[in-house]
1. Let a ≥ b ≥ c be the square roots of the eigenvalues of the Cα gyration tensor of segment 171-328; is it rounded (a/c under 1.5), or, if not, prolate (a/b larger than b/c) or oblate?
2. Per residue, how much accessible surface does the chain expose to a 1.4 Å probe? Answer in Å², no decimals.
3. Excluding Val66 itself, calculate the net charge of residues whose Cβ lies under 12 Å from the Cβ of Val66, where each Lys or Arg counts +1 and each Asp or Glu counts -1.
4. Helix by helix through the chain, keep the DSSP H runs that span 18 Å or more along the axis on Cα and average at least 1.0 on Kyte-Doolittle, and give those back in order.
5. Could you order Glu80, Glu268, Glu258, Glu238 so the one with the most accessible surface comes first? Probe is 1.4 Å.
6. Of Cys57, His40, Ala67, which is farthest on the positive side of the dipole of segment 14-105, counting Cα position, with +1 on Lys and Arg Cβ, -1 on Asp and Glu Cβ, and the Cα centre as origin?
7. Counting only other residues whose beta carbon sits under 12 Å from that of Gly123, what net charge do I get with K and R as +1, D and E as -1?
8. What FRET efficiency comes out for Glu186 versus Glu86 if R0 is 35 angstrom and r is the Cβ-Cβ distance? Round to the nearest 0.05.
Amino acid sequence: EKGGFATFMDKEIHDQPKAVADTLLGRTDDAGRLRLDEVHVDEAVLRQVDKIIVVACGTAAYAGQVARYAIEHWCRIPVEVELAHEFRYRDPIVDARTLVVAVSQSGETMDTLMAVRHAKEQGATVLAIVNTHGSTIPREADAVLYTHAGPEIAVASTKAFLAQITAAYLLGLYLAQLRGTKFTDEITDVLDDLRGIPEKIQRVIDGAGRVREIAGWMADTSSVLFLGRHVGYPVAMEGALKLKELAYIHAEGFAAGELKHGPIALIEPGQPVFIIVPSPRGRDSLHSKVISNIQEIRARGARTLVIAEEGDDDVLPFADEVFRVPQTPVLLAPLVSVVPLQIFACELATARGLDVDQPRNLAKSVTVE
Ligand code: BG6
């Protein structure tokens, strides 16, 4: 059942091109327009939504954080992302025009379920993005958009994460289409770009020899930092979470822009730091700002492990290692740039002799609050 792989985690990392492709499948009509038939929410209600709140835990919350950048850009609706267990305790401002999106692989996470109940009590419309059919969260939500990642057995999430981002993007594009935003003309292009993602993920997996090798040498590392910016920021957080979960190594993700406001004090000679570099084709000179960050930490002795697009040679003078990902439109980049980080965590945990499928103290679905 592991399909020839040593662990479920390794298998599920390799399942990712299919998880994304299957989540996209059958969601457009012959004219290329999005059709989310399962979302039985009155279109009039969706047209009136004036705020979206994503509630989720762990990796699913990082998928929400990634999606926030895309949905706000495409729909011009404000999006908040809240950890499900914090949501109801802050007396959130929720009403009939709020769309609450609950993201969960298992559909059983009690913290997320309680957030769903609270949102419904406040009159919000609740849409679930869930992988497991027939689970509790979609039963209680007003609508469900299933991810088609297939069963995820390893406790730490990999393919469900990519499928969650994909589904949340479909939701964002659907809302843009429905509401006729300025962005409508570009929807077909984004869908085409999304359909090209599985092949790019496959290339990252096939080319991951070096990241596996480096991870194999790092079994004794005591701390790894991750920096990213814009959509790369939640990717950095997810990279750190994977390493904590699988390898029990202290890891932290930061927004690269925050570096000079504190985290740079952590940099000492030899400190490994992953940096997720935004596309040089992106907006607002983010690329050059992140290159400067790499330069700053390298000058203080950090060991810089850089994830950068193919052809981005600006990183070369400051990178101890470069892990390449294919050129990808900015908002879709997390779907490829997180993959080397998953592989890194999996390999490092294996090098430490740990059980990557069943990490200590963790459960696949946490059905208590
Ligand atoms: C945690 C799991 O308990 O729950 C994480 O260890 C997972 O891997 C998180 O991301 C959320 O789970 P779910 O099923 O709601 O996506």
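1. prolate
2. Here the residues of the chain average 40 Å² of exposed surface.
3. On the way: positive: Arg68; negative: Glu72, Glu238.
Summing Lys and Arg as +1 and Asp and Glu as -1 gives -1.
4. 334-351
5. Glu268, Glu258, Glu80, Glu238
6. Going by the Cα projections, it comes out as Ala67.
7. Numbers: positive: Arg97, Lys120; negative: Asp95, Glu121, Asp142.
My count for the surroundings of Gly123 gives -1.
8. Details: r = 34 Å, r/R0 = 0.97.
Plugging the Cβ-Cβ distance into 1/(1 + (r/R0)^6) gives 0.55.
The values are calculated or read from the model by the stated rules, or taken from the named source; none is laboratory data. Since this is a predicted model, take the numbers as computed values, not measurements. No Cβ is skipped: glycine too gets one built from the backbone with ideal geometry, and neighbour counts run over all protein chains shown. Calculation scope for accessible area: heavy atoms of the full protein, side chains included, ligands and nucleic acids excluded. Shrake-Rupley method; radii C 1.70, N 1.55, O 1.52, S 1.80 Å.
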